[in-house]
Amino acid sequence: MNSIFVRVALDTPLDRFFDYRFLPADTETGLPPVAGSLVLVPFGRQEVIGVVVATMDQTGIAPDKIRDVIAVRAQLPPLGSAWLTMAMFAADYYQRPLGEVMLPALPKNLRVGKSVALDRALKKIARQSATGEMSPDHVPALNPPQQAAVNAITQQAGYTAHLLFGVTGSGKTEVYLQSAARILAASPLAQILILVPEINLTPQLEMHVRQRFPGMPVASLHSGLAEGERTLHWLSAHLGQARIVLGTRLAIFASMPHLQLIIVDEEHDPSYKQQEGLRYSARDLAVWRAHQLQIPVVLGSATPSLESWQATQNGRYRQLVLTERAVPDAVLPLIKIINLEREKPSDGLTPRLVAAIRLRLEMGEQSLLFLNRRGYAPVLTCDACGWISQCSRCTANLVLHKGDHRLRCHHCGLEQRIPRACPTCGNIDLQPLGRGTQRLEETLSAIFPEARVFRIDADSTRLKGSAAAAFERVHEGGVDILIGTQMVAKGHDFKRLTLVAALNPDAALFSQDYRASERLFAQLMQVAGRAGRTARADGGNPAEVLVQTRYPDHPLYHALMKHDYPEFAADLLEERRQAQLPPFMYQALLRAEARELQTALEFLQQAAGRINLAGVTVHDPVPMTMTRVANRERAQLLIESASRPVLQACMKVWMGELRSMKTRLRWSLEIDPVDI
Ligand code: ADP
Ligand code: ZN
Ligand code: ZN
């Protein structure tokens, strides 16, 4: 029998494939590998798992050089051609070696060559979905805009990208569930992928889904799962057993042979963008994948990304609007602005805000104070000499964490004990400056000693499972005043919460980051959406959102008060159009870091010299806003084009040049960067 050859993608930074010979006698089953098979192959002195991308009857490698496949993972059905094509697209688009896209997308157990018992996996998922103590959900009758949305999503064959636009509580989730129900009912094999931005939201949605579809195999994929568990869920999706897959951004790479609908909830959320390694946007890949498979994709949000909003304006996406809150009698919260220039705060709280909290305590209702800064105070200072607590390794301040007596860098993790006296002049009266969530917690406990004050942020929920427990406590009513960072802004529907306050969100208005105001608006709308959704017994509207600001006339706050995202988006899009920024421009960013800033800048300068300039603009290399992190000096080079294909073609050629530069310095190229 003739030997065959396989071309294999391996998880190495080398941007090439590796050819091996396959001898049937050497493998577990003798079955030949096909494109998409996982194979165990020798690589240097190691044995590694790779993905077969092609089989051939000859190879350019000399017969005495070619090495043999050690084993084919024949018990695992090969990855489908659609999956391979998606991985190839991602590698191509984001300028990464294919192996570095494919292998990390697989669960670790498969990647390291652990053998997996498929039937055990299937049985376990089936068992999980059959635990039927679940009382089946009450399925509400859709209101007309919801019905129209479900029809639009399910009644047309082929690809359409839908932007489902509606405030929190307008019934988007209901549209997802009923669209899913239709598609699942219409085809016995159909699979549906639902992406959520945050791991803390998956259990909540999973519960909804399991209640709505009792007995239906559901897989969840997120980074919080133990490896064994993740492998089971991944396999269940890959084998076509799981009909619904729920997950965070990494789930976009799930292998789902019968995928028929993709839903991206809170599509504007920045966490859909991976910020290291393969810097992909799960939202963008979702749209690409739907197009490739010719299936519908639904992007849902109360505050869509400007990219998606613009796509509805020029007809690339179809806009579906939910106009009001779905529950009968539900009300939108009243958003009010408190002018900090007129009403002086003490310890960060204006008298009006304190009175509003007191009222909630008297009514037995909950308040949420949103402050997007953890720690006690962002910096410790000496009034005598002007010393401030700075990180010695970063261009950043050390944050005061009073509870555990530490100064801590939120960028490199550096920790110190709080000094007893000023390191420069010996003054023992060091002052915390500014306010973080811990300090706010202290202040509120002092003002309202009888209240149950509770804080949710990355510090208070460090232990595994503690975030879920914390949210549970709020839901159960064990909290009167909740303090939180953006962690509390997402997803949760707190029934007894009737007051939401943003303490001082102004910083984002003047940020260098041109996306900061887009994010702020989304964040404030989102946190406002946590407020209770039902009217008081007397018919009054209890849901109130107070925003303390020094800039009460800022257009962003005006649009916010009117709940008017379209107006806000129109203004911002016009600004972006005039400034020639995304979504009217496509960008790529080359970053470099070195011990010396000059080294990084010089590398970028040389790199810039190697770009073929046709159709692209190359800016000057500049230090990053936060120049130093962990003793590395960082700089960046921005490349822009009004045409995505032109930028793509240019980047592909350039990447080859960059790879040939043989520098020891660390660099990375990001396509469609979000943090510039
Ligand atoms: P969103 O995802 O837009 O925040 P949800 O789908 O979670 O909104 O809906 C908010 C609340 O309204 C939920 O409690 C949901 O069960 C309820 N709901 C949604 N649609 C309807 C409807 N057509 N009739 C009655 N209640 C509904
Ligand atoms: Zn001093
Ligand atoms: Zn640091």
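The values are calculated or read from the model by the stated rules, or taken from the named source; none is laboratory data. Please read all numbers here as calculations on a predicted model, not as lab measurements. Positions of Cβ are generated from backbone atoms using ideal geometry, with glycine treated the same way; all protein chains shown enter the neighbour counts.
Points to keep in mind about this one:
- Among residues of the stretch 166-196, those that are more than 10 Å from ligand 1 (Cβ to nearest atom) and surrounded by 22 or more Cβ atoms within 10 Å (Cβ to Cβ), counted: 8
- Reported count of residues in the stretch 409-423, each being near ligand 3 (Cβ under 9 Å from one of its atoms) and surrounded by 12 or more Cβ atoms within 10 Å (Cβ to Cβ), is 5.
- The listed residue being without any contact (Cβ under 8 Å) to a residue 12 or more places away in the chain, within 24 Å of the chain's Cα centre (by Cα) and at negative phi, out of Ala469, Ala446: Ala469
- The number of residues in the stretch 369-413 that are without any contact (Cβ under 8 Å) to a residue 40 or more places away in the chain, more than 16 Å from ligand 2 (Cβ to nearest atom) and among the hydrophobic types (A, V, I, L, M, F, W, C) comes to 3.
- The stretch 373-405, residues that are polar (S, T, N, Q) and either touching a helix residue (DSSP H, G or I) at 6+ places or on another chain (Cβ under 9 Å) or within 16 Å of ligand 1 (Cβ to nearest atom) (or both): none
- Val479 surrounded by 23 or more Cβ atoms within 10 Å (Cβ to Cβ), within 16 Å of ligand 1 (Cβ to nearest atom) and either in a helix (DSSP H, G or I) or in contact (Cβ under 8 Å) with a residue 60 or more places away in the chain (or both): no
- Conditions (1) buried (at least 20 other Cβ atoms within 10 Å of the Cβ); (2) at pLDDT 95 or above: number failed by Arg73: (2)
- Residue match in the stretch 170-182 (condition: in contact with a helix residue (DSSP H, G or I) (Cβ under 6 Å, 6 or more places away or on another chain), modelled with pLDDT of 95 or more and among the aromatic types (Phe, Trp, Tyr)): no
- Candidates Ala470, Ala421, Ala458, filtered to the one that is part of a helix (DSSP H, G or I) and within 23 Å of Asp404 (Cα to Cα): Ala470
- Listed by position, the strands (runs of 3 or more DSSP E) inside the stretch 168-271 whose residues that are in contact (Cβ under 8 Å) with a residue 40 or more places away in the chain number at least 3 are 191-195, 244-247, 259-264.
- Failed item in (1) part of a helix (DSSP H, G or I); (2) within 20 Å of Gly315 (Cα to Cα); (3) in contact with a Lys or Arg (Cβ under 7 Å, 6 or more places away or on another chain), with His162 passing the rest: (1)
- Note on the stretch 424-476: among residues that are away from ligand 2 (no atom under 16 Å from the Cβ) and polar (S, T, N, Q), the one that is surrounded by the fewest Cβ atoms within 10 Å (Cβ to Cβ) is Ser466.
- Of the residues examined, Val399 is one that is hydrophobic (A, V, I, L, M, F, W, C), within 27 Å of His492 (Cβ to Cβ) and either in contact with a Pro (Cβ under 6 Å, 6 or more places away or on another chain) or within 14 Å of ligand 3 (Cβ to nearest atom) (or both).
- Inside the stretch 499-518, residues that are under 18 Å from the mean Cα position of the chain (by Cα) and either more than 20 Å from Gln578 (Cβ to Cβ) or of a type in the set (A, V, I, L, M) (or both) make up a count of 1.
- Among the conditions (1) in contact with an Asp or Glu (Cβ under 9 Å, 6 or more places away or on another chain); (2) modelled with pLDDT under 95; (3) not β-branched (Val, Ile, Thr), Ala62 misses just one, which is (1).
- Being at pLDDT 95 or above and touching a Gly at 6+ places or on another chain (Cβ under 9 Å) is a property that holds for Leu369.
- Being more than 11 Å from ligand 1 (Cβ to nearest atom) and in a loop (DSSP other than H, G, I, E, B) holds for only one residue in Ser115, Ser129, and it is Ser115.
Residue-by-condition table, conditions (1) of a type in the set (S, T, N, Q); (2) in contact with a helix residue (DSSP H, G or I) (Cβ under 6 Å, 6 or more places away or on another chain); (3) closer than 21 Å to Arg111 by Cβ:
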residue: Gln211; (1), (2), (3): yes, no, no
residue: Ser220; (1), (2), (3): yes, yes, yes
residue: Glu229; (1), (2), (3): no, no, yes
residue: Ala254; (1), (2), (3): no, yes, yes
residue: Leu261; (1), (2), (3): no, yes, no
residue: Glu266; (1), (2), (3): no, no, no
residue: Pro270; (1), (2), (3): no, no, no
residue: Leu278; (1), (2), (3): no, yes, yes
residue: Ala282; (1), (2), (3): no, yes, yes
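- Strands (runs of 3 or more DSSP E) fully within the stretch 557-676 counting 3 or more residues that are touching a residue at least 60 places away in the same chain (Cβ under 8 Å): 586-594, 622-629, 666-671
- Residue pairs whose Cβ atoms lie under 9 Å apart, separated by 6 or more positions or on different chains, with the first residue in the stretch 112-127 and closer than 15 Å to Leu38 by Cα and surrounded by fewer than 15 Cβ atoms within 10 Å (Cβ to Cβ) and the second at pLDDT 85 or above and β-branched (Val, Ile, Thr), are Val112/Val48; Val112/Ile49; Lys114/Thr231.
- Matching option when the condition is of a type in the set (Lys, Arg) and under 21 Å from the mean Cα position of the chain (by Cα), among Arg352, Arg318, Arg358, Arg289: Arg289
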